[in-house]
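Down below is the structure, laid out as structure tokens.
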Amino acid sequence: VSFDYVHRHTVDAEIYFVRNASNVVTNATLSFRVHGRTPELWHADSGNSVPALVYRDLGEQTEIPLAVPAYGSVFVIFRKPSTRHAVSVKRDSHQVYPSMQQGVGVFANITKADEVLTTDPGTYELTFSDGSKQSINVAIPANAPRMDDTWKLSFPVGWGAPESITMNKLQSWTDSPIPGVRYFSGTVTYTNTIHVPAEFSIAEHEVWLDLGDVREVATVSVNGKELDTLWHAPFLARIDAVLHAGDNTLSIRVTNLWPNRIIGDQQPEEKVHYTKTNIIYYTKDSPLMPSGLLAPVRLVVAASGAPKP
């Protein structure tokens, strides 16, 4: 396991910047030379922060079990005195590593930091710093929101692509038989419909949109409300605040890089050139860069647990 860190000491805080240097999600127990204080997780990309859901004060140091995204990073800040907290979470007798990323696996509610939220249903056993224990059941409702199978992709006028196409299965633009789509560079708008059953309680759940693999940047809007611009994995946007019962309009603007259009302009059959550059690195035979939404986009519901009877 490869982690980098930088430590800064101030009058009232110990500040650590921690980075996962590997290209895979890593479960790790991070140890800090601090005790008696509550660790807070601060995210530089969003500005959000939340106390660590689980940590153990060992007297001279504090251990935090975390699931850290590939190349993920976080500020861990110790300022406030430690209070009663969870020291262990288990599911099926196996240790759970709370996710550093909201909306994935087990994580803390950002507005109720002591509440356990999870996208994985089951029975969880919590042990607290005062020695008490609690067992909770988490169930994801069967009437969860869903999306249509068909996506509409809209292209800007004047860049060689058709006005729009439909996809029943998401794939890279470079896999299209249409040259204007295959070599397209720029921003494409994906639209779909999210169906929320009347019996689904939006107020009792968090609903996240997981875009899977994005090449390269995506901006998510629901019902005309722009929510987030995503530029790194995991590509997750929380959307429950703007959902309503019935049909909701989902719009995702995805922007790729320029090489594909440069390569397309050099194809012998291409009569119109859309780029002008002195870059000679790319030729007509250069490999195209995967573009767009590559993995199935899915809705993820996170629920809190009720005490096990």
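The values are calculated or read from the model by the stated rules, or taken from the named source; none is laboratory data. For clarity, every value in this text was computed on a predicted model and none was experimentally measured. A quick note on method: Cβ atoms are made from the backbone with ideal geometry, for glycine too, and the neighbour counts reach across all protein chains shown. Please note that ligands, DNA and RNA were not included when accessible areas were found on the heavy atoms of the full protein model with its side chains. Shrake-Rupley method; radii C 1.70, N 1.55, O 1.52, S 1.80 Å.
Among the conditions (1) part of a strand (DSSP E or B); (2) surrounded by fewer than 18 Cβ atoms within 10 Å (Cβ to Cβ), the only one that residue 84 does not satisfy is (1). Listed conditions (1) at pLDDT below 95; (2) farther than 22 Å from residue 298 by Cα are all met by residue 163, apart from (1). Checking each residue in the range 5-58 for being assigned to a strand (DSSP E or B) and small (Gly, Ala, Ser) picks out 28, 31, 49.
For residue 97, state whether it is part of a loop (DSSP other than H, G, I, E, B), at negative phi and touching a strand residue (DSSP E or B) at 6+ places or on another chain (Cβ under 9 Å).
Working: part of a loop (DSSP other than H, G, I, E, B): yes; at negative phi: yes; touching a strand residue (DSSP E or B) at 6+ places or on another chain (Cβ under 9 Å): yes.
The answer is yes for residue 97.
Could you please find all residues in the range 141-161 being under 18 Å from residue 293 (Cβ atoms) and either open to solvent by less than 60 Å² (accessible area, probe 1.4 Å) or touching a Ser or Thr at 6+ places or on another chain (Cβ under 8 Å) (or both)?
147, 148, 150, 151, 152, 153, 154, 155, 156, 161, listed by residue number.
Do we have any residue at all in the range 269-282 that's aliphatic (A, V, I, L, M) and surrounded by 13 or more Cβ atoms within 10 Å (Cβ to Cβ)? Checking the range 269-282: not a single residue is aliphatic (A, V, I, L, M) and surrounded by 13 or more Cβ atoms within 10 Å (Cβ to Cβ). Among the residues of the range 64-81, those that are in a strand (DSSP E or B) and within 19 Å of residue 25 (Cα to Cα) comprise 64, 65, 66, 67, 68, 73, 74, 75, 76.
Of the residues that make up the range 35-45, is at least one closer than 30 Å to residue 298 by Cβ, exposed (fewer than 13 other Cβ atoms within 10 Å of the Cβ), in contact (Cβ under 8 Å) with a residue 60 or more places away in the chain and not hydroxyl-bearing (Ser, Thr, Tyr)? Taking every residue of the range 35-45 in turn, at least one turns out to be closer than 30 Å to residue 298 by Cβ, exposed (fewer than 13 other Cβ atoms within 10 Å of the Cβ), in contact (Cβ under 8 Å) with a residue 60 or more places away in the chain and not hydroxyl-bearing (Ser, Thr, Tyr). Among the residues of the range 240-250, is any touching a residue at least 12 places away in the same chain (Cβ under 8 Å), closer than 19 Å to residue 159 by Cβ and either of a type in the set (D, E, K, R) or open to solvent by less than 70 Å² (accessible area, probe 1.4 Å) (or both)? No: the range 240-250 contains no residue that is touching a residue at least 12 places away in the same chain (Cβ under 8 Å), closer than 19 Å to residue 159 by Cβ and either of a type in the set (D, E, K, R) or open to solvent by less than 70 Å² (accessible area, probe 1.4 Å) (or both).
All of (1) open to solvent by 60 Å² or more (accessible area, probe 1.4 Å); (2) modelled with pLDDT under 95 hold for residue 198 with one exception: (2).
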